[in-house]
1. Carbon and sulfur atoms: what percent of the 1.4 Å accessible area of the range 9-86 do they account for?
2. Compare the peptides 25-34, 66-75, 49-58, 5-14 by average per-residue count of other Cβ atoms within 10 angstrom and give them in order, highest first.
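The values are calculated or read from the model by the stated rules, or taken from the named source; none is laboratory data. These numbers were taken from a predicted model, which means no experiment stands behind them. Because the Cβ atoms are built from the backbone with ideal geometry, glycine has one as well, and the counts that use them run over all protein chains shown. With ligands, DNA and RNA removed, areas are computed over all heavy atoms of the protein, side chains included. Shrake-Rupley method; radii C 1.70, N 1.55, O 1.52, S 1.80 Å.
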Amino acid sequence: DLRGAGRLGEALATAEQSVGRARSLDISRLIAQASTVLGETRRAAGDLAGAEAAYRDAIVAIEAVRGEVAGGPQARRMYLEDKLTVYRDLAELLAEGSGTAAETVRGGRRLLAHDPGGFVDAVHERLHDIVAREPRIPGIA
């Protein structure tokens, strides 16, 4: 793991290449995974605006796949459970400011402690709303 070894420059280049390859293949699942890693890497490098952009790209891809998941609400919830990290990471990034995102992160932590099953649905709905309306970090169009 380049990022874990402190080789952030190489990690960024590799993550950006992965996003490019995923986009060229036009496979939403790969775009989501690669964009999530790129967001984490940019955040570790201190590029908050770049991290936000990558997290938002990952969420768009996750939502595209989620809409195609067969089954019902439970199948879509199961798909989403292991992808909530990117929503949480974006919310925490936004929460470094103030307002709705910060409140949602605190509320989500309380809900997780009391009702882990309800956490997935509640956090997804709240964070999806926040991502749509919360002001972006300066530098993001």
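1. So the carbon and sulfur contribution to the accessible surface is 52 percent.
2. Most protected by this proxy first, the peptides run 49-58, 25-34, 5-14, 66-75.
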